[in-house]
Every structure is written in C-alpha cells, then in structure tokens.
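Q: Take this structure, written in structure tokens, and hold onto it; I'll ask about it next.
The values are calculated or read from the model by the stated rules, or taken from the named source; none is laboratory data. Every value quoted in this text rests on a predicted model; they were computed, and no experiment measured them. Cβ placement follows ideal geometry from the backbone for every residue including glycine, while neighbour counts extend to all protein chains displayed. Surface accessibility is based on the protein's heavy atoms, side chains included, excluding ligands, DNA and RNA. Shrake-Rupley method; radii C 1.70, N 1.55, O 1.52, S 1.80 Å.
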Amino acid sequence: MKFDLKKFFSRKPKNELEGAGVPPQPQPNADPAAAAEAAIPEKLAEKCEKCGQIVLSADMDENFGVCPKCGHYKKITARARISMCVDAFEELFAEEQSGNILGFPGYDEKLAALREKTGEKDGVVCGTGTIGGERCAVFSMDYRFQMGSMGHTVGEKITRTFEYAAERRLPVVGFILSGGARMQEGIVSLMQMAKTSAAVAKHAEAGLLYIAVLTDPTTGGVSASFAFEADVIVAEKGALIGFAGPRVIEQTIRQKLPEGFQRAEFLQEKGFVDLIVERREMKEKLSALLKIHAADASAAEEVSL
Amino acid sequence: MNAYEIVLKSREKGRPTAVRYISRIVEGFIELHGDRRFADDKAIVGGVGFVGGMPVTVIGIEKGEDTNDKIAHNFGCAHPEGYRKAMRLMKEAEKFGRPVLCFVDTSGAYCGIGAEERGQSEAIASSILEMIRLKTPTLSIVIGEGGSGGALGLCAADEVWITETSTYSVISPEGCASILWKDSARVAEASECLKMTADDLAVLGAVERVIPERDFSEEFFADLKADIVRFFRGKRGIPAEELVEARYKRFRKF
Ligand SMILES: [Zn+2]
C-alpha cells in the first residue's frame, strides 16, 4: 500500500523566529494521509522526515535517532542527547527561567505553550556528568524550544555552566543546536552572545578544555559566539552550520546554493571544524578527546624502552 | 652513498611518509582539521594522541603514498593555511602543557598565486615565531626532504632529528645549480656543496641526532618511539622559560 504522504508531511516545522507571536494553528485533518498517521499509535512508529518511510520508534531509538532506511539524522531533544552521551548526569540551574522581558506581543503565550508542550522551562539543559569516566560540565540545547534560540534563560544557564566549570576546574562539553538569537528578547538576546563569550574566555584563561559539538542546525548568534569559541570543534555528520540560514542567503543573492553548502563536511574543508563525528560514535570520540586533554604529560606512565 | 644519492633516496617512492610514522608511533590518534581561517590544508596532517602513554600533539607534512594520495596531499607542499593549522594546534598543545612532535617531509612550501595572496611568507614567519617561543617541549624529525623555509616552519624546535637518508637544506640542489651556476646538470655537485645530508647537518649542529633507518623496519619505528618518549620524559618538570631560553640558544649559535 502506497501512501501519498508527501503533501501532509512536507509541512516543515515552522521557523519559530519567523513565527513570533503567532500561536500554532491546528491543521485541518481532511487529508487521508493525516488520518493514516493518526492511526499509528503514538510512540510505536514514526515517519522519517527525510525519506518519508514509516519506521518503528524502537528501531529509530536503538539507532541513535538515525533513520534505519535512509540514514537521516532526526533531531533529538536535549535530554535524549545527554542520555546518549553522558553518564551519571545531574542537572543544574533547572529552575532558571525568565519571562517576556520586552513585553513583546504574544511572547508570554508562546513561552507558556512551549513550556506546556515540552515540559522544559527553556531551550537548554545544563548539568554535570561523566563521559567515558571523565567528569565534565555539560549543556545541551533543545530544538523544540524555538529551534534552540538563545534568549536570556539560555544565555544565563550556559554562562553559569562555564562559571561553575571554571570554579571546579571541569571541562565543558556543549551540545549546540540553535537557529540563533531570540528575536522576542531583542537587545537582551544579543547581549547573551557577549555574556556567554566572556564566560568562555574566563574558563579558557583558567587553562580548561571546552569541546563544542555542533549539531543540526547551528546558525545565527549562537554560531557567532560560543559555538566557535571552543578548543575542539566537533560537528555532527551532515549538520547545517553557518551564520545566515540558507534561505536567507538564497533570497539575498537570488541564487540557488550548491549541494552541501554550509554542511559539516563543507565547514571542515574550509578549515572551521576539527572533526566530523557520526552520532553513534559521539560518546566514544568525546571520551577519547577528554582523556587526551586530561592526561598530564608530566605524569606519563613509565613504558619499557 | 654520495650526497646526490642521498638526495634521490630522500625523495624515493615507497619511503614512509608522515602518516606512516604517526600510525606506528602514536596511539589513539585523533586528526584535527583546519586553520579556522580559510581551509583545511591536507599537506599538513595534525592531531592529538599518545606516545608511550604521554599525550602529544602531532603535526606532519604529508606527501602522500600513491599517486591519488599525493595529489590529495599536494605532494607535501603546504599552503599558508597549512602553517596556520600547525600554529593553531601548537597553541592548543601549549594551553594543555602537551609536547609537540613534528614530522617534516617537504620539497618546500607551495609556490602559487593563492599561496602568495594569502601570505605564504607571513604564515611561515609566524609559524617559526610561535614555535620558537612555545611554552611546551617540541621535537621535529626530518623524515625525507627538509625543503627550506617550508620545512623550517615546523623545525623551530628544542631538537631536530633526521633519519640517515633525509636532507635539510636552504634550497634544492637543482635550484642551487640553476641559480648559482646557470647549469642544472650540476645537481650532484650542488648536493655535495650544500652540506644537506644528515651527517653533514649533524657536524654543523643543525640537527641533534641522526637516526639509522634499518630499512624502516618495525624495530626502526619501535626504537624511534622509545627515543621520542625518552626525549619528552627528559623535558618533564623543566620550566617553560628554560625551554624557551634553551631554544633561543640553540638557534642563537648560528
Ligand atoms: Zn529516512
């Protein structure tokens, strides 16, 4: 049986930055494909956003959120990312949240709806844990919260993570996913770029390691601040990484962008990414990087010569 | 072997290149790419790993093994972005107090329009400057051709070692014969005059150690690895200022 799922499912999640203040509209359920989707019991199966094939959720989860049919990397939540890579995670700054600082029209409702829907207060989860036995401070950004956009709460929690790590002499591993700054917080959002950078600088001055893991997407104000200030910049395979988003660039230059433009592989070729890692190997690679940086050259084990 | 035979040997096909040294000597190597400015220059391979349990940053000028590989690595002729990648990795090593190990094998830095536009001279100059004042132990090993400034960019180290049929020179013998004598046929003679072979370099004090090659056997790599470990172990606990001062004296003597 062949579904024409294209029409229904090609409805991309709206870029939250563009949809500021517009509450999500319920979609008419007239499409038969939608009914087919509705018939799939929740959590048992899901549709790959790339190839459109129905995949058992259990298979998808077991495969690190990578489509077993086409290899597409599904976006995963901040906490799913942490559970994939971090052991003994203990959350920090969980209560941190801010409101509608500028009184931006519709933003209160938007925040309330997102908090309700995601169970998160904002777009980043922070804490400590171990990766391959190496203790570190961690932050992980969440696509469901306005595509990880950075407002006051996100900036504050990330800043506090670096301060916490500097005080306790811990490395920081940041799982980055963000469309950029949060428009509804205006200049306060812009200032988060400088604030987080100052915290990164202080942590770096203390001689401590910061590994940034750039995931799909890493763009805008986040890419132009703490994402590219790390000692080691890891990119997840295929991730979109750039300053301006591809649609904005296409509209500006009135040209179609070449295949692979702004993808992780492109960035590595252009000299901006240290290494590209597949999602299933992320934990192991991070663990190896942490171990090399933690190893003390002056205390190397004696080897037989 | 006379000097010219050594010159030919240093360029011989099948001779182990930097990646082979890295795979034999460095455990758990993780390659790190890019200069964070313009490109990832594949003529220079860099990354982090362990040598005998000691964390190190490793940088190698890579010529490539077969034809496709050679093209991919631009025959070991680095662009400015290659030296900038090396510098960036050295600074990272410095931050974490990790020794730096370089394998050098190049006929020279790349000559071309892009290389000039992006400041080949500035890149090599800065690389020498950063390396010579780096606050962590450094060791460079010439494993084939040590071609001029392109090699020196990664040889401003605490010590420079060289394998016995490698060379290190201000200019290629071909270039010397052609410029000085307007006669490119006098390559062999130029090879002698330049004193560019390992043994001559040791006499001149340009290298600290000449390493017997023993047909690049497993024992060769094992012993070299042991020597590297011993060298860096000997640098443990020496304050950074002393390392830098010793390096100053090493080059001051010329
Ligand atoms: Zn798929």
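Q: Go through (1) at pLDDT below 95; (2) out of contact with any Leu (no Cβ under 9 Å at 6 or more places or on another chain) one by one and return the number of the condition B:GLY52 breaks.
A: For B:GLY52, the failing item is (2).
Q: So, in the range A:190-208, exactly how many residues are of a type in the set (A, V, I, L, M), open to solvent by 30 Å² or more (accessible area, probe 1.4 Å) and away from chain B (no Cβ under 14 Å)?
A: Summing the residues that are of a type in the set (A, V, I, L, M), open to solvent by 30 Å² or more (accessible area, probe 1.4 Å) and away from chain B (no Cβ under 14 Å) in the range A:190-208 gives 5.
Q: For the range B:95-132, what are the residues that are open to solvent by 40 Å² or more (accessible area, probe 1.4 Å), assigned to a helix (DSSP H, G or I) and within 14 Å of chain A (Cβ to nearest Cβ)?
A: B:LYS95 - this is the single residue of the range B:95-132 that is open to solvent by 40 Å² or more (accessible area, probe 1.4 Å), assigned to a helix (DSSP H, G or I) and within 14 Å of chain A (Cβ to nearest Cβ).
Q: For the range B:4-40: of the residues being closer than 23 Å to B:THR167 by Cβ and open to solvent by less than 10 Å² (accessible area, probe 1.4 Å), which is nearest to the other protein chains (Cβ to nearest Cβ)?
A: So, considering only residues that are closer than 23 Å to B:THR167 by Cβ and open to solvent by less than 10 Å² (accessible area, probe 1.4 Å), the one nearest to the other protein chains (Cβ to nearest Cβ) is B:ILE25.
Q: Would you be able to say whether some residue in the range A:106-121 is within 15 Å of the chain's Cα centre (by Cα) and of a type outside the set (Ser, Thr, Tyr)?
A: Checking the range A:106-121: at least one residue is within 15 Å of the chain's Cα centre (by Cα) and of a type outside the set (Ser, Thr, Tyr).
Q: Scanning for something among the hydroxyl-bearing types (Ser, Thr, Tyr) and open to solvent by 70 Å² or more (accessible area, probe 1.4 Å), does the range A:294-303 turn up at least one residue?
A: No, the range A:294-303 contains no residue that is among the hydroxyl-bearing types (Ser, Thr, Tyr) and open to solvent by 70 Å² or more (accessible area, probe 1.4 Å).
Q: For the range B:201-249, enumerate the residues that are under 18 Å from the mean Cα position of the chain (by Cα) and among the charged types (D, E, K, R).
A: Scanning the range B:201-249 gives B:GLU208, B:ARG209, B:GLU213, B:LYS225, B:ASP227, B:ARG247.
Q: Which one of the conditions (1) within 25 Å of A:PRO217 (Cβ to Cβ); (2) in the same structural domain as A:ARG135 (by TED's automatic domain parsing); (3) open to solvent by 40 Å² or more (accessible area, probe 1.4 Å) does A:ASP61 fail to meet, given that it meets all the rest?
A: Here A:ASP61 clears every test but (2).
Q: Another question, if that's okay. Would you kindly identify the helices (runs of 4 or more DSSP H) lying entirely within the range A:35-153 that contain at least 2 residues that are within 16 Å of the ligand (Cβ to nearest atom) and in contact (Cβ under 8 Å) with a residue 24 or more places away in the chain?
A: It comes to none.
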